[in-house]
Amino acid sequence: MDTPFISAADVNIHYGTKQALFGIDLDIQANKVTALIGPSGCGKSTFLRAINRMNDLIPACRFDGSLKIGGQDIYHPSVDVVALRAQVGMVFQKPNPFPKSIFENVAYGLKIHKLTSSKQELGDRVEWSLKSAGLWDEVADRLNDPGNSLSGGQQQRLCIARTIAVSPRVILMDEPCSALDPIATAVIEELIDGLRQEYTIVIVTHSMQQAARISQRTAFFHMGKLVEVGSTKSVFTNPREEQTSNYITGRIG
Amino acid sequence: MENAHIVTRFDKDLDRIKTRVLEMGDLVSAQMSQATDLLQVFDAPEAARLIARDRKVNGMAKNIQTRAERLIALRQPVALDLRAALSPINIAFELERIGDHAKSCAKSARKLAEAPADSAALQIVLEMSALVQVMLSDVLTAYDHSDTDLAADVRARDKLVDRLNKTMFETGVGSITAAPADAPAFVHKILLARNFERVGDHIVNIARHVHKIVTGEDLKASDRGFATGKSTL
């Protein structure tokens, strides 16, 4: 087993009086795609958002336990949440480009985090990000067009370019292809497979086939508990737990 | 299946394919039984009908394969369901081969009828046939009920079939040495015994498939004394 890059120990999350996650222990390896699967309301998105402390934005949300990235406790009071979110980028279900040009969408994070020192460097970094997201060839001659003028699949790749521009170490994806057609989905999936060479990726998906296609490890959540985690190959061929088997085979558990 | 699928049509499709496999198994069992009868009392028209019926066996195998492929394409099953969808293709292949052996047996029966009587050798062949017919019936029951214990029992019984085949070979070699002129007749009986030994092997393969459907574990390696192979399905 590789050393985990993200390590959750006894994570409990409450929304007010309602407990959403129960004692989650989950290790996530670097440079792998880990898929979080489970029925709606099982806590997979709550866990995902805990990794970059997006849940902090929900007033009644309370976190207990330990969540470390690269050995650092991200819930320690000394942690700068803005810096954390630059290190742990997020791509959402619906593409959400800023109401700015394609160039500015990617340059935005670089500017606010002051990650480049010259206009030339900024341009180079935007180009690199768009190339890494597999979008450069399609937008190179219209960088000043609005980001939302792109197709849905292109917008999602623009959001991925925006995420990787600031050199995160982790990319969180919350159903990134649910609003895309099969071709755009295939392009994103191919992109994810390439990105994992450089980043640790955690993806929430409702598509069993997508989890099976793109992840190396899969974690199955049910009613706020982690039921099973293992290699995607084993979870989708011979799951250890009956609950997992019932879920992935579409049975009433 | 212990739990029904939310999409009930999926269960119906899986059940329908399983029923086709069991129907094919029944036909192949009947072919085996009739081929064995021909060894005792040769009946040329009956042998011809049996040989012709093998085309029906082959057609059933093709039909099962087509149905399983369609189910996999449309339902995209995983885990237990994938094994349940793939196994009919493998089991139908084994049954189709057993059908071929029944056809060969019917062809051999003609030659055996023309050869000098050898009740001792015939007795061994009939004993092998009786063993494999019960094994076939049991392995189909094991498949129908996902019964891994019965499947394991069937696998174990194949040793008896192998032992009889070895006895037949040694007896045949001894007889050929003693009476070289009758060698062709003995060779037919040795080949006939070999035929049933191969049927036993195909039944063992079906038993392994039953085990794999239920557990996900591939027995092929462990049965040969290697480390247990885990399913790749």
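The values are calculated or read from the model by the stated rules, or taken from the named source; none is laboratory data. These numbers come from a predicted model, not from an experiment. We place every Cβ from the backbone using ideal geometry, glycine too, and count neighbours over all the protein chains shown.
A compact table of results
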| read-out | value |
| --- | --- |
| Yes/no for A:Asn96 being part of a helix (DSSP H, G or I), under 15 Å from A:Thr163 (Cα atoms) and among the polar types (S, T, N, Q) | no |
| Considering residues of the range B:67-83 that are under 27 Å from the mean Cα position of the chain (by Cα) and among the small types (Gly, Ala, Ser) only, the residue nearest to B:Ile17 (Cα to Cα) | B:Ala68 |
| Pick from the range B:201-220, criterion in contact (Cβ under 8 Å) with a residue 24 or more places away in the chain and either of a type in the set (S, T, N, Q) or in a strand (DSSP E or B) (or both), ranking: nearest to the other protein chains (Cβ to nearest Cβ) | B:Thr215 |
| Restricting the range A:206-238 to residues that are of a type outside the set (Gly, Ala, Ser), farther than 23 Å from B:Arg9 by Cβ and in a loop (DSSP other than H, G, I, E, B), the residue that is nearest to the other protein chains (Cβ to nearest Cβ) | A:Asn238 |
| Options B:Ala151, B:Ala183, B:Ala221, B:Ala156; residue that is out of contact with any strand residue (DSSP E or B) (no Cβ under 6 Å at 6 or more places or on another chain) and modelled with pLDDT under 95 | B:Ala183 |
| B:Asp144 being surrounded by fewer than 18 Cβ atoms within 10 Å (Cβ to Cβ) and either among the aliphatic types (A, V, I, L, M) or modelled with pLDDT of 95 or more (or both) | yes |
| Residue tally, condition part of a strand (DSSP E or B), within 24 Å of A:Ser207 (Cα to Cα) and of a type outside the set (Val, Ile, Thr), over the range A:23-40 | 6 |
| B:Ile190 vs. criteria modelled with pLDDT under 95 and closer than 21 Å to B:Arg97 by Cβ | yes |
| Residue match in the range A:28-38 (condition: modelled with pLDDT under 95 and on the phi < 0 side of the Ramachandran plot) | no |
| Those residues of the range B:72-123 which are of a type outside the set (D, E, K, R), more than 30 Å from A:Ala211 (Cα to Cα) and not in a helix (DSSP H, G or I), in sequence order | B:Ala115, B:Pro116, B:Ala117 |
| Subset of the range B:73-105 that is among the small types (Gly, Ala, Ser) and touching a Phe, Trp or Tyr at 6+ places or on another chain (Cβ under 9 Å) - its residue that is modelled with the lowest pLDDT | B:Ala79 |
| Top-ranked residue in the range A:163-179 [being within 11 Å of A:Ala86 (Cβ to Cβ) and small (Gly, Ala, Ser); ranked as surrounded by the most Cβ atoms within 10 Å (Cβ to Cβ)] | A:Ala165 |
